[in-house]
Amino acid sequence: MLVSKQLHYYLIFLLGLLSLQGTSPRGLKFHGGEKPIVERTSYNVFENKTVTFSDYFEIDFDLFLYPARPIGYVFRIKNSESNTIFNLFYDAQGPDISFRFNEEGKSSLIIARMNKEELLNSNWFNLKLSFDLANDSIHLEIDNKQYHTSGIGLPDKYYPQILFGKSDYIIDVPSFAIKNLSINGNKKRYYFELNENEGNDVYDTNGEAVGMVINPEWLINDAYHWKFITSFKSTSVAGANYNPKKDDVYYFNRDSIYIYNVRTEETKIIAFDGKCPVPLKLGTNFIDQEHEELYSYEVYLEDQDDSPTVASLDLLTFKWTTEDIQQLPIQLHHHGSYYSPGNKEYTILGGFGNMHYSNNFYVYNIENQKWKILEGFKGDFLSPRYFSSVGYLEETNSVYLFGGMGNESGEQIVGRKYYYDFYKINLNTKQISKLWSIPWENDNVVPVRGMVILNDSSFYTLCYPEHYTESFLRLYHFSIKDGSYEILGDSIPIYSDRITTNANLYYDSNLEKLVVLVQEFEDDIKSELKVYSLAFPPIKEENLTDYKLKTNSGVQPFVLILSGLIILFTGYYIVRARSKGNRQVHSFLERKNHTKTLLDTPKPNSIYLFGDFLVHDRNNNDITYMFSAKLKEIFCLILSHSDSGGITSKNLSNALWPDKTNDKVKNLRGVTINHLRRALGELDGIELIYEKGCFKLMQTDLFYCDYSRCLQIISSNKVGGNQQELLKIISRGKFLMLADTPVFDVFKQEVENKLEPVLLMEIENAYNLEAYQTTIDFSDIIFNIDPLNETALKFQINALNKLKMHEEAQMRYKAFLIEYKKVMGSNYTNPIKITI
C-alpha cells in the first residue's frame, strides 16, 4: 500500500514536471577568458558515447552571450576518423558581432556579421549547423539568418566529437551559455535539456550520462538561488527604482545618481548640475518609461509648506524640473502604488502616518501636475492598512492588492492585525471585490510594495517577518482564484530595523529575470541598496534535481543492467588507460570516481562551515535561510571561543557592533541572541548557553559540525585512518568561503594555520603511498589556503605526471606561473619539469 501511494504521488509530480517542460530555466554557462585557464569551462558532448552519421547531421542549440568576455571559440567539431577540425569563432569587440566558421588551421568558410544591439537584445537565440555530407556542403543558421558553404571535401560518414568551450590547446573562450542542445541525423536524435544542477555528467533525455563537463555553471540554480549582483551606498536620503525596459537600476539622492545595467554589468555615476528640488525624506519615486522620466515625490514635508513635493528627472539629460508643491494631509509610510501609462496617472493607496492607517486612493496626474483623491468606490470594504503589495494589470484596467497590516478603524491606538487577503479593484466600474482571505499559521509576514502580476491567474510577491531586525525575504506565488500558494527560491536577508527600510520586486521580460532591490536604512538617512536577481520562472528546491527522475523512471531494469556494464567497462578502461597511456579516458574516469568519493550528503542536525554555509534541521530540511549574515557572524564567533570557555558579552558586542552606543548594543545583542536560539532550536544536539559571564555552544553526538569534526581529526594524531573523511570535509570548499567581513578574519586564519601543516604532511604521505589522485585533492585544498605554496605545486605536478595527465599538468603549472607573477610582480624562479 505504501509503495502504491508513493508511486501515485510520484506520477502526479512527474506529470506536473512534464507540463512545465520548455518553461523551466535550464542551460549551461561557460566561463571563458574572464577566468584563469584552469577555471574555464569545457564540455565534451559525446565523452561516453561514439556516434556515427551518414549523409547528413545537424547541431542545434540556443545561445546566450555574456558581456564579460566577448571573443573566443564557442565550439569545435572533430572527426575521429580524420584530422579535419571545424570551429566557430565569435567576436563582439567591434560595432558589430561576427561569427566565423573555420576549418581549423586553414581558412574561414563562413563569415556571418550580425547587428550587435539586435542580437544581444534578443536574449537567447537559436544557432543551427547542418552538415550535408551527401552534397558536400555546410549550412549555418543564426537567429533565422542563413549562411552556406560548399566544396569542403566532407566524407560520406562522420564520427563527430563535439567540444564546447575550452579544449586541447584552445583556451580563448568567450563567456556564453547554451540550452536545448540536439544533434540529429539518420533518424537518430540526441537531445540534452542541460537542466542538471550539479556535477560533471551531462544526461540526455533518456537519463543516460552521455557527456562530461569541467567547471560547469548550471543555470537552473539561478532559478532557485537569488544571485547578489551589486550594492551602492548613500550618506544622505536616497531613492531606488528599476526600469525593466532598459534593464537599469537607479539609485539617486539630491546630488547624483547611480545607474547600473543588469545586462552589461556596467555602472554609471552622474552628478546633477542642479540639485533635486524635492527635499528627500523617504525617497519615494516612480518611472514614466514612455517619456524616460523619473519622478521623485514626498507626500508630506513637515514645516516645509513651500518646498517642491514632486520633481521629474529627464533620464537622457539628467536635468530636474519642479512639478508640484502640493502636500497630502499626512505622511504615508509603506503605501502601495502603481502607474497607469495610458492615463499618465500614478496612484498610491494605503500607508501609515500620524498614528493612522489609510485606505484612501490618491492619484497624481503628470499632465495637470496635481494630486487628487479618488472616490466613488463600491463593493467590499477595504480596511485601512500599510505594508500592502499592489499590482496593476493593464488588460483588465484593474488593481490588485494583497495583505498588509492595519485595522478597521484606521487608528493605531486600537492595535493592528496582519491581513492575508486579496482584493481586485476594477477601475472602470470602481468595484472593490474581496476575492479571498486565507488562514496563516506560520510567522506573521508582510509583503513588499511591488507585485509581479503577468495575467489574471496568479501573482508573485516577496514576504518577510518585518518584526525581526535580522529578517529574510521569501518569494511567494499565489493563485488569484483561491489564495493557494507555494514558496519559491531561497531567501534574501534584510535588516528591517528602520521603518524606512524597504524592498521591491520587478519582472524583466527582456532578461527573463526577477529583480529585487533591497534598501536598508541605518538611521533613516544613510542607506545601502542591494540588488538581487532570480531566473524566471522560479523553482522550488526539489526542482533542482528534476533531471534525476529520468534516471529512475520506467527504464530501471535497463539502467541497472547498463550500470553493471559500465562498471565492468570502467575497470577495463582504467587498466587499458594505464597500460596504453590513454590520458583522456583515464583523466575522465579518475575525475568521475574522485567526484563520487568526495560527495557527502548533508546530515540531519548539522551545520557546515567549509564551502557554502549550510544548516539542516532535525528533519534534514535545509534551513540556511534562517541564518542571516549577522546570525552567521555571532554563531561563528561563539563557536570559535566555545572550547576555551566562551566569549564575554563585551567582547561579543565589540566585535559585532563596534560603532554602536551601549544602549543600542544591549538591545541588538539581546535580539540577535534570541534569533540565534530560535534558529538552533530547529536542531537537536546543540544548545547556546550563558555561563559564568560567557556565551558558548554545547554539542552532543546528535549534532554534527564539519568544523568541529575537522578539529577532532587533525588533533587526534590519527589522520591517516580518517584521511578520506578529512578530504570530504575540506573538499566542500574553503573555510567560511563566502564570509568576507572582518569579523571572520581571525577565525579563518586560525583554522587555516591549524590545517596547513597537517595537509602538507598528508600530501607527502599520499604521494609516497602512490595515491596520486588523493595527492592532487590535497594540493587543490592547500592552494585554497596558500595559492603560491610550492610544496603543493611540486606534489601536484608530479602526481599528474604519474597519472600520465601531462596536458593537465602543463595547464595547472601555467596557471600557477600566471598567479605567481600577478601576486609577486616577478616570474617564478624554481621551474618544475613537465613531461610532454
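The values are calculated or read from the model by the stated rules, or taken from the named source; none is laboratory data. These numbers were taken from a predicted model, which means no experiment stands behind them. Cβ coordinates were reconstructed from backbone atoms using ideal geometry, including for glycine residues, and neighbour counts include every protein chain displayed. With ligands, DNA and RNA removed, areas are computed over all heavy atoms of the protein, side chains included. Shrake-Rupley method; radii C 1.70, N 1.55, O 1.52, S 1.80 Å.
Need the failing condition index for Gly693 against (1) closer than 26 Å to Thr469 by Cβ; (2) open to solvent by 20 Å² or more (accessible area, probe 1.4 Å); (3) of a type outside the set (D, E, K, R); (4) out of contact with any helix residue (DSSP H, G or I) (no Cβ under 8 Å at 6 or more places or on another chain), just the number.
Against the list (1) closer than 26 Å to Thr469 by Cβ; (2) open to solvent by 20 Å² or more (accessible area, probe 1.4 Å); (3) of a type outside the set (D, E, K, R); (4) out of contact with any helix residue (DSSP H, G or I) (no Cβ under 8 Å at 6 or more places or on another chain), Gly693 comes up short only on (4).
At least 1 residues that are touching a Phe, Trp or Tyr at 6+ places or on another chain (Cβ under 6 Å) and modelled with pLDDT of 90 or more in each: list the strands (runs of 3 or more DSSP E) lying fully within the stretch 80-166 that qualify.
Hits in the stretch 80-166: 85-91, 97-103, 107-114, 125-132, 137-142, 160-165.
Enumerate the pairs (first residue in the stretch 613-625 and under 14 Å from Lys540 (Cα atoms); second residue anywhere and aromatic (Phe, Trp, Tyr)) with beta-carbon separation below 8 Å, excluding pairs fewer than 6 apart on the same chain, so at least 6 apart or on different chains.
Pairs found: Tyr625/Phe472.
Would you check if Ala655 is open to solvent by 20 Å² or more (accessible area, probe 1.4 Å) and either on the phi > 0 side of the Ramachandran plot or at pLDDT 85 or above (or both)?
Numbers: open to solvent by 20 Å² or more (accessible area, probe 1.4 Å): yes; either on the phi > 0 side of the Ramachandran plot or at pLDDT 85 or above (or both): yes.
When the stated conditions are applied, Ala655 passes them.
Taking the stretch 505-538 only, how many residues are acidic (Asp, Glu), crowded, with 18+ Cβ neighbours inside 10 Å and over 18 Å from the mean Cα position of the chain (by Cα)?
Filtering the stretch 505-538 down to residues acidic (Asp, Glu) leaves 508, 512, 520, 522-524, 528.
Pick out the ones that are also crowded, with 18+ Cβ neighbours inside 10 Å and you get 508, 520.
From what is left, the residues that are over 18 Å from the mean Cα position of the chain (by Cα) are 520.
Looking only at that region, the number is 1.
Scan the stretch 175-193 and give yes if some residue there is modelled with pLDDT of 95 or more, closer than 30 Å to Gln810 by Cα, crowded, with 16+ Cβ neighbours inside 10 Å and in contact with a Gly (Cβ under 6 Å, 6 or more places away or on another chain), otherwise no.
yes
Across the stretch 205-243, what is the number of residues that are over 30 Å from Phe46 (Cα atoms), of a type in the set (Gly, Ala, Ser) and under 22 Å from the mean Cα position of the chain (by Cα)?
2
Taking Ile438, is it β-branched (Val, Ile, Thr), at negative phi, in contact (Cβ under 8 Å) with a residue 12 or more places away in the chain and surrounded by 17 or more Cβ atoms within 10 Å (Cβ to Cβ)? Let's see the steps before the verdict.
On the way: β-branched (Val, Ile, Thr): yes; at negative phi: yes; in contact (Cβ under 8 Å) with a residue 12 or more places away in the chain: yes; surrounded by 17 or more Cβ atoms within 10 Å (Cβ to Cβ): no.
Against the criterion (β-branched (Val, Ile, Thr), at negative phi, in contact (Cβ under 8 Å) with a residue 12 or more places away in the chain and surrounded by 17 or more Cβ atoms within 10 Å (Cβ to Cβ)), Ile438 does not qualify.
Counting only residues that are part of a strand (DSSP E or B) and free of Cβ contacts under 8 Å to residues at least 60 places away in the same chain, which one in the stretch 313-331 is least open to solvent (accessible area, probe 1.4 Å)?
For the stretch 313-331, the residue satisfying everything is Asp324.
Just give me the residues in the stretch 260-280 being under 16 Å from Ser296 (Cβ atoms) and surrounded by 16 or more Cβ atoms within 10 Å (Cβ to Cβ), in sequence order.
Passing the criteria: Phe272, Cys276, Pro277, Val278, Leu280.
Would you point out which residue out of Glu298, Glu292 is charged (D, E, K, R), under 25 Å from Gly404 (Cβ atoms) and touching a residue at least 12 places away in the same chain (Cβ under 8 Å)?
Glu298
Read through the list (1) open to solvent by less than 50 Å² (accessible area, probe 1.4 Å); (2) in contact with a helix residue (DSSP H, G or I) (Cβ under 7 Å, 6 or more places away or on another chain), then give the number of the only condition that Ile171 fails.
Among (1) open to solvent by less than 50 Å² (accessible area, probe 1.4 Å); (2) in contact with a helix residue (DSSP H, G or I) (Cβ under 7 Å, 6 or more places away or on another chain), Ile171 violates only (1).
Of the residues Ser479, Ser491, which is touching a helix residue (DSSP H, G or I) at 6+ places or on another chain (Cβ under 8 Å) and among the polar types (S, T, N, Q)?
Ser491
Select from the stretch 451-463 the residues that are open to solvent by less than 10 Å² (accessible area, probe 1.4 Å) and of a type outside the set (Val, Ile, Thr) and write down the one among them that is farthest from Tyr339 (Cα to Cα).
Cys463
If you go through the stretch 594-642, how many residues are modelled with pLDDT of 90 or more, assigned to a loop (DSSP other than H, G, I, E, B) and more than 24 Å from the chain's Cα centre (by Cα)?
Residues flagged as modelled with pLDDT of 90 or more, assigned to a loop (DSSP other than H, G, I, E, B) and more than 24 Å from the chain's Cα centre (by Cα) within the stretch 594-642 amount to 3.
Look at the stretch 362-380 and say how many of its residues are open to solvent by 40 Å² or more (accessible area, probe 1.4 Å) and without any contact (Cβ under 8 Å) to a residue 24 or more places away in the chain.
Selection size over the stretch 362-380: 5.
Looking at the stretch 467-504 only, could you name the residues that are in a loop (DSSP other than H, G, I, E, B), at pLDDT 90 or above and open to solvent by 20 Å² or more (accessible area, probe 1.4 Å)?
Lys481, Asp482, Ser484
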